[in-house]
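Peer 1: Below you'll find the structure I mean.
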């Protein structure tokens with residue numbers, strides 16, 4: 001539980017304090033479609049990434065607006081969940097001691113933290129791999 005709290009604190013603290021990156025702005029620019037079909041055909045097909053991030057962003061911005069907080073929140077939550085599932089997967093494959101070490105490392109490594117704080121598909125990738 002402590003590892004998950006540390007992971008959450010490292011991912012949540014100030015995640016909306018810095019402006020959106022060029023990649024995030026590019027993803028937002030591909031959300032201006034009236035229908036889900038148009039989003040997929042015009043916004044997702046031209047992007048080389050899996051569609052889940054664009055779909056999540058499309059729904060989030062339609063419901064809650066396009067603030068930095070709203071845009072990045074789903075990916076922060078995905079990064080926190082990834083730490084939990086890394087622990088579960090490690091415990092299943094190895095043992096509890098190893099799982100604690102692995103999840104503690106994963107929760108504090110800089111790239112998983114960074115990827116969890118960006119509105120890009122990387123946090124979702126970490127979640128689905130774990």
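Peer 1: Before rounding to the nearest 500, sum -39500 (n - 2.57) across all DSSP H runs of length at least 4 in the chain and divide by the residue total; then give [θ] at 222 nm in deg cm²/dmol.
Peer 2: Using -39500 (n - 2.57) per qualifying helix, the result is -20500 deg cm²/dmol.
Peer 1: If you don't mind, there's one more thing I want to ask. What is the calculated FRET efficiency for residue 25 to residue 128, with r their C-beta to C-beta distance and R₀ = 30 Å, to the nearest 0.05? Provide the component values of the computation, followed by the final result.
Peer 2: On the way: r = 25 Å, r/R0 = 0.82.
My answer for the efficiency is 0.75.
Peer 1: If I take every Cα pair under 8 Å that is 6 or more residues apart in the chain, average their sequence separation and divide by the length, what percent do I get for the relative contact order? Working shown, then result.
Peer 2: Values: 142 pairs, mean separation 43.3, N = 130.
Once normalised by length, the contact order is 33 percent.
Peer 1: I would also like to ask the following. Kirkwood-based Rg over Rh for the chain (C-alpha set), two decimals? Walk me through the numbers before you get to the answer.
Peer 2: On the way: Rg = 15.8 Å, Rh = 15.3 Å.
Value, to two decimals: 1.03.
Peer 1: Give me log10 I(q)/I(0) at q = 0.11, 0.14, 0.15 Å⁻¹ for region 1-73, Debye formula, one equal scatterer per alpha-carbon, no solvent.
Peer 2: -0.33, -0.51, -0.57
Peer 1: Next question, about the same structure. For 42, 24, what's the fewest-to-most ordering of other Cβ within 10 Å of each Cβ? Can you show the working numbers first?
Peer 2: Numbers: 42 13, 24 18.
Lowest count first: 42, 24.
Peer 1: Another one. What is the extension gain from residue 17 to residue 109, computed as 0.36 nm multiplied by their sequence separation minus the C-alpha to C-alpha distance, in nm to one decimal?
Peer 2: Numbers: separation 92, 0.36 × 92 = 33.12 nm, distance 2.03 nm.
Net length gain for the segment: 31.1 nm.
Peer 1: Length gain on complete extension for the stretch residue 46 to residue 88, per 0.36 nm per residue less the alpha carbon to alpha carbon distance? Working shown, then result.
Peer 2: Working: separation 42, 0.36 × 42 = 15.12 nm, distance 3.55 nm.
Gain on stretching residue 46 to residue 88: 11.6 nm.
Peer 1: Take the Cα coordinates of region 46-112, assign each an equal point scatterer, and use the Debye formula without solvent to give log10 I(q)/I(0) at q = 0.17, 0.18, 0.27, 0.28 Å⁻¹.
Peer 2: Each listed q maps to, in turn, -0.73, -0.77, -1.06, -1.10.
Peer 1: Residues in region 1-23 near a label at residue 96, defined as backbone nitrogen under 20 Å from the 7 Å Cα→Cβ point?
Peer 2: The answer is 1-6, whose backbone nitrogens lie closer than 20 Å to the label point.
Peer 1: Here's something else I'd like to know. Find how many whole Å separate the alpha carbon centroid of region 1-45 from the alpha carbon centroid of region 60-106.
Peer 2: Going from one Cα centre to the other spans 15 Å.
Every number here is computed from the coordinates shown, using simple stated rules; none is lab data. Bear in mind that the values here come from a model prediction, so they are computed numbers and not experimental data. Positions of Cβ are generated from backbone atoms using ideal geometry, with glycine treated the same way; all protein chains shown enter the neighbour counts.
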